[in-house]
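Worksheet for the structure shown next.
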Amino acid sequence: GALVYQYPRRTICKSGTSMRMECQAVGFQATSVAWYRQSPQKTFELIALSTVNSAIKYEQNFTQEKFPISHPNLSFSSMTVLNAYLEDRGLYLCGARRALSYEQYFGPGTRLTVL
Amino acid sequence: GDKVKQSPSALSLQEGTNSALRCNFSIAATTVQWFLQNPRGSLMNLFYLVPGTKENGRLKSAFDSKESYSTLHIRDAQLEDSGTYFCAAEADSNYQLIWGSGTKLIIKP
């Protein structure tokens, strides 16, 4: 079946430090990968989206300098949160869109706590 | 205003009863997805819809693009149905999902 793995599941970092999270789509071909952040208030924000044959597109409130993303292929993606502060807390979700069906499958998320 | 308005925001049901969740769209939604988020935060795919209906076990969902809404019906609710249900719509085939604010569902024994 179609699965999306994320690692780590939860992480704690000190204010001003950085942390890296990974996402892997298994069992299906992904046409796009999107990173979202779910705030403590449960709203979802799109951080960045990458599709086949296009560069990574960051949304208005997010930058490559703050959230650099690396994806050697659409099955694997990693994102780093640089200089994390309290406002960066939340659940970071990776969604991979499946080719042909176009359904978006999500990983379990990486929960970031900043002290 | 909210592009995807989800209702109700919270719902408490007795086990074995039925319920209906709804999303209204102020955007020209082309597809809709429904998810269930468990207390640990994991999102489970429930339905992916183009205009029409789908059914899976005790769940049934409909998407009417002309009237700009989608519904999720839960029949014979079970304890494991508890969690937060989200709808998310796509417009203009730009791959971005626009999310509703969620319905927190509690099933009581």
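The values are calculated or read from the model by the stated rules, or taken from the named source; none is laboratory data. The shown structure was predicted, so the numbers you read here are calculated from the model rather than taken from an experiment. Positions of Cβ are generated from backbone atoms using ideal geometry, with glycine treated the same way; all protein chains shown enter the neighbour counts. To get the accessible areas, we keep the full protein, side chains included, count just its heavy atoms, and leave off ligands, DNA and RNA. Shrake-Rupley method; radii C 1.70, N 1.55, O 1.52, S 1.80 Å.
A few comments on the model shown:
- Separation in nanometres of the label points that stand 7 Å from Cα toward Cβ, at A:Lys42 and B:Asp64: 2.6
- Fraction of accessible area attributable to carbon and sulfur, chain A (%, probe 1.4 Å): 50
- Inter-label distance, A:Glu22 to B:Ser26: 4.2 nm, where each label sits 7 Å from its Cα along the C-beta direction.
- If you run the Gaussian network model on chain A, springs between alpha carbon atoms under 10 Å, then out of A:Ser75, A:Ser54, A:Ser18 the most flexible one is A:Ser54.
- Comparing the full protein assembly with the isolated chain (1.4 Å probe, heavy atoms, ligands and nucleic acids excluded), the residues of segment A:66-106 losing at least 40 square angstrom of accessible area are A:Arg97, A:Glu103, A:Gln104, A:Phe106.
- Applying 1/(1 + (r/R0)^6) with r as the Cβ-Cβ distance of A:Ser15 and B:Glu55 and R0 = 35 angstrom yields a FRET efficiency of 0.10.
- Value of relative contact order over chain B, rounded to a whole percent, pairs C-alpha under 8 Å and six or more apart: 37
- Compactness of chain A as Cα Rg over 2.2 N^0.38 Å, two decimals: 1.00
- Of the trypsin sites (Lys or Arg not before Pro) found in segment B:1-90, those that fall in a DSSP loop while having at most 11 other beta-carbon atoms within 10 Å are B:Lys66.
- For segment B:1-73, GluC sites (Glu not before Pro) meeting the loop criterion (DSSP other than H, G, I, E, B) and having at most 13 other Cβ atoms within 10 Å: B:Glu15, B:Glu67.
- Both chains summed, the buried accessible area for B and A stands near 1600 Å², from protein heavy atoms and a 1.4 Å probe.
- Note on chain B: with a GNM built from Cα contacts shorter than 10 Å, the maximum mean-square fluctuation among B:Ala62, B:Ala88, B:Ala20 falls on B:Ala20.
- The loop-placed GluC sites (Glu not before Pro) in segment A:28-115, going by DSSP, that have at most 11 neighbouring Cβ atoms within 10 Å of their Cβ come out as A:Glu65.
- Chain A: relative contact order as a whole-number percent, Cα under 8 Å and 6+ apart: 38
- With a Förster radius of 25 Å applied to the C-beta separation of A:Gln29 and A:His71, the computed FRET efficiency comes to 0.95.
- Rounded Å value of the spacing that divides the Cα centres of segment A:41-107 and segment B:63-96: 22
- Of the residues B:Thr30, B:Thr53, B:Thr17, the one that moves most in a GNM of chain B with alpha-carbon contacts below 10 Å is B:Thr17.
- When the pairs B:Lys5/B:Lys108; B:Lys3/B:Lys108; A:Lys14/A:Lys66; B:Lys3/B:Lys104; A:Lys42/B:Lys5 are compared against a 22 Å limit on Cα-Cα distance, B:Lys5/B:Lys108; B:Lys3/B:Lys108 fall above it.
- Taking the square roots of five times each eigenvalue of the Cα gyration tensor of the protein assembly as shown, the equivalent ellipsoid has semi-axes of 29, 20, 16 Å, listed largest first.
- Volume per residue for segment B:4-108 equals 85 cubic angstrom (convex hull of Cα atoms).
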